[in-house]
1. Can you pull out the GluC sites (Glu not before Pro) in region 1-86 whose DSSP state is coil and whose Cβ has at most 16 other Cβ atoms within 10 Å?
2. With the cut-off at 17 Å, report for region 35-84 the share of all Cα pairs above it, as a whole percent.
3. Do any trypsin sites (Lys or Arg not before Pro) in region 30-89 lie in a loop, going by DSSP, with at most 12 other beta-carbon atoms within 10 Å of their beta carbon, and if so which?
4. Find how much the distance from residue 10 to residue 45 grows on full extension, using 0.36 nm per residue of separation minus their present alpha carbon separation; answer in nm with one decimal.
Amino acid sequence: MLRLLVFRKNGQIGWELERSLCVLGQVTALDRRDVDLLQGDLIEECIKRSRPDVIINAAAYTNVDEAESNESLAFAVNAAAPRSMARGASKKLVRCSFTTPLTTCSMVPSRGLGPNMTIRRL
Ligand SMILES: NC(=O)c1ccc[n+]([C@@H]2O[C@H](COP(=O)([O-])OP(=O)(O)OC[C@H]3O[C@@H](n4cnc5c(N)ncnc54)[C@H](OP(=O)(O)O)[C@@H]3O)[C@@H](O)[C@H]2O)c1
């Protein structure tokens, strides 16, 4: 059975995904209490432990108005955390900001994350 791991089940997208993806397989949806996205090593450990076939990142710092005054937090959530997910992933990582699923090896410099939030080659 396909195993899907969703980061941040309480956001708008995460909430929908937890419910809609269950037709595809076994969904494990995590919130703040399960893993702190500011700790990259915990993210990688969590992925290695649950060995998902697909990882979906529904977490994002979405407060655009405050992103520039809170740049380090925005960068941590929108760039560093996805980088840790990609490092922990052996198969696919889906980032909701994109319309296209990305393989970990295709996560090269990308557009669409907003200023200062580009994911660089891992
Ligand atoms: N909503 C849409 O229609 C839509 C459409 C296309 C793409 N997207 C993309 O999907 C992604 C999620 O959007 P959304 O609408 O679901 O956003 P949202 O409702 O604001 O949810 C964001 C999630 O990220 C988590 N988060 C935010 N700041 C955090 C922090 N400092 N540390 C840890 N976790 C943090 C939140 O966790 P908590 O629940 O613990 O607060 C929340 O679950 C974004 O990249 C967005 O661009 C959304």
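Only the coordinates and a few stated rules stand behind these numbers; no lab work does. This is a predicted model, so every value here is computed, not measured. Here the Cβ positions follow ideal geometry from the backbone for every residue, glycine too, while neighbour counts run over all protein chains shown.
1. 68
2. Counting every Cα pair in region 35-84, those more than 17 Å apart make up 37 percent.
3. 32, 33
4. Gain on stretching residue 10 to residue 45: 10.5 nm.
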